[in-house]
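Okay, so here's the structure we're looking at.
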Amino acid sequence: MTYEETLYYLYHSIPMYQRCGATAYKPGLGTSVALDNYMRNPHRSYKTIHVAGTNGKGSTCHLLAAILQSAGYKTGLYTSPHLVDFRERIRVNGKMISEKYVVDFVEKHRPFYESLSPSFFELTSTLAFSYFQEERVDFAVIEVGLGGRLDSTNIITPELSVITNISLDHTQFLGNTLEAIASEKAGIIKPGIPVLIGETGSTGVRNVFWDKAKAENAPIFFAEENDPIQKASMQENGRWVFETKEFGQIDGELGGMVQLHNARTVFTALRLLIAQGVRIDRQAILDAFAHVTVLTGLMGRWQLLQTSPRVICDTGHNPGGWQYLSDQLQKEKKHADALHLVVGMVNDKDVHTVLSLMPKNATYYFTQPSVERAMPVEHFAAQAVEAGLKGRSFTSVSEAVSAALSQALPNDFVFIGGSSFVVADALPLFLHK
């Protein structure tokens, strides 16, 4: 098969949550363990860091990978979903897995794994773990796909487990309370392995993590306690400057209000890794925070796509993400003549709550991403109108973006988001420039 044929096979012959949602969700580790045993447990040949949480996993993973890479470690990075290219999911020192490796892996192992009927994510995780072994990485930063306890990645035994935060998302799988979701994500806590909690949010959630860590005899740390950040200030361009206890002043490349919380989690993780004997100097941290997108290929986090008018995209897609995006957009409104929002969502999200967080003082371009899970634009627009938002509807992201750019004046601000898949459809419209 060619690479394109291989991707088509992966996307259509194997259940893929990114494409079709709940029908592709396959709880339990049985298939992952069978695949791992067949591949002779590749993840045991390198050290890992495991990252779960509702929001901030991607930024946290990319920052940790960039730091380890800058410190001289050959570093694997496994994240999801991808935005433009499937190979974004699997990187070594920032370089995407080769098309040839993907094709060869599928062709070589297909006779075995088809009998197991793996999900897309189960097979992709096995592909990533095997690739990292072949590349002889020192470390691999592994992002949980969904939940934690039953996630395909939860077969690893990491050096450090990280849970960024908890908010309501994927409630049909993880439970409809914060405590229930926390319990699922606490499933990555392993016996004797240190675990770091970025944000707790409530006493109930904190107790879930505390009780699980105690049961597993796992040292537990909370980034909000003994805060490594002494002072933080957001610059005019939305980026952060952090004054830290251990590392001095660190300038961050990533913009948006949520990055303060991600940085606190990362700085605390560094404190724990260094205490374990991982060699990381200040220069590596400086370089990684200043150049994380170049070092790791991170996209879609308050990403500047155009300067006149200013166009930003962000993958925040649930209430937890939009509580920060809402404040950020209101801050942008103070410097722009008008706000233009290109937004759409998928049908398994809390649309009502997200819409309530979107600014009323904006012009909207309602749309739908090109995935089966997309909420039809007519349904999304109807709910948006009920929430007091005003705008027009477009059946594709490209049409909505084009309309927004045609209406926006040079000193206006254009935001693209609401769903990771809206961002995925929009990025190619700008990257070719």
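With a requirement of 3 or more residues that are farther than 26 Å from Asp348 by Cα and among the β-branched types (Val, Ile, Thr), the helices (runs of 4 or more DSSP H) lying completely within the stretch 79-183 that satisfy it span 99-113.
Just one of the numbered conditions (1) over 14 Å from Gln259 (Cα atoms); (2) at pLDDT below 95 is not true of Phe222: (2).
Scanning the stretch 94-104 for residues that are touching a helix residue (DSSP H, G or I) at 6+ places or on another chain (Cβ under 7 Å) and free of Cβ contacts under 8 Å to residues at least 40 places away in the same chain yields Ile97, Tyr101. All of Gly76, Gly72 fail the test of being out of contact with any Gly (no Cβ under 8 Å at 6 or more places or on another chain), under 30 Å from Leu273 (Cβ atoms) and in a strand (DSSP E or B), apart from Gly76. Using the structure shown, decide if Leu298 is buried (at least 20 other Cβ atoms within 10 Å of the Cβ), at pLDDT 95 or above and of a type in the set (A, V, I, L, M). Yes: the conditions hold for Leu298.
In the set (1) modelled with pLDDT under 95; (2) more than 30 Å from His12 (Cα to Cα), Asp350 fails one condition alone, (2). Just one of the numbered conditions (1) part of a loop (DSSP other than H, G, I, E, B); (2) at pLDDT below 95 is not true of Lys331: (1). Put simply, of Ser125, Ser117 the only residue that is surrounded by fewer than 20 Cβ atoms within 10 Å (Cβ to Cβ) and in the same structural domain as His12 (by TED's automatic domain parsing) is Ser117.
From the residues in the stretch 302-326 that are touching a residue at least 24 places away in the same chain (Cβ under 8 Å) and more than 20 Å from the chain's Cα centre (by Cα), which one is farthest from Ser167 (Cα to Cα)? Only one residue fits best here, namely Ser308. Here Thr200 does not fit the description of being in the same structural domain as Ala66 (by TED's automatic domain parsing), in contact with a Lys or Arg (Cβ under 8 Å, 6 or more places away or on another chain) and surrounded by 24 or more Cβ atoms within 10 Å (Cβ to Cβ). His43: modelled with pLDDT of 95 or more, part of a helix (DSSP H, G or I), within 19 Å of the chain's Cα centre (by Cα) and within 22 Å of Ile156 (Cα to Cα), yes or no? No. In this entry, Ser356 is excluded by the filter for residues that are hydroxyl-bearing (Ser, Thr, Tyr) and touching a helix residue (DSSP H, G or I) at 6+ places or on another chain (Cβ under 8 Å).
Condition check ((1) β-branched (Val, Ile, Thr); (2) modelled with pLDDT under 95; (3) in contact with a Ser or Thr (Cβ under 8 Å, 6 or more places away or on another chain)) across all residues:
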{"site": "Met96", "(1), (2), (3)": "no, no, no"}
{"site": "Val102", "(1), (2), (3)": "yes, no, yes"}
{"site": "Ser115", "(1), (2), (3)": "no, yes, no"}
{"site": "Ala128", "(1), (2), (3)": "no, no, no"}
{"site": "Asp151", "(1), (2), (3)": "no, yes, no"}
{"site": "Pro158", "(1), (2), (3)": "no, no, yes"}
{"site": "Val162", "(1), (2), (3)": "yes, no, yes"}
{"site": "Ser167", "(1), (2), (3)": "no, yes, yes"}
{"site": "Lys190", "(1), (2), (3)": "no, no, yes"}
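Residues considered: Thr157, Thr153, Thr164. Of these, the only one that is surrounded by fewer than 16 Cβ atoms within 10 Å (Cβ to Cβ), within 29 Å of Ile90 (Cβ to Cβ) and in contact (Cβ under 8 Å) with a residue 24 or more places away in the chain is Thr157.
Determine whether the stretch 80-94 contains at least one residue that is surrounded by 24 or more Cβ atoms within 10 Å (Cβ to Cβ) and over 22 Å from Ala424 (Cβ atoms). Checked the stretch 80-94: no residue is surrounded by 24 or more Cβ atoms within 10 Å (Cβ to Cβ) and over 22 Å from Ala424 (Cβ atoms).
The values are calculated or read from the model by the stated rules, or taken from the named source; none is laboratory data. From a predicted model like this one, the values you see are computed outputs, not experimental measurements. Quick reminder, even Gly has a Cβ in these numbers, built from the backbone with ideal geometry, and neighbours come from all protein chains shown.
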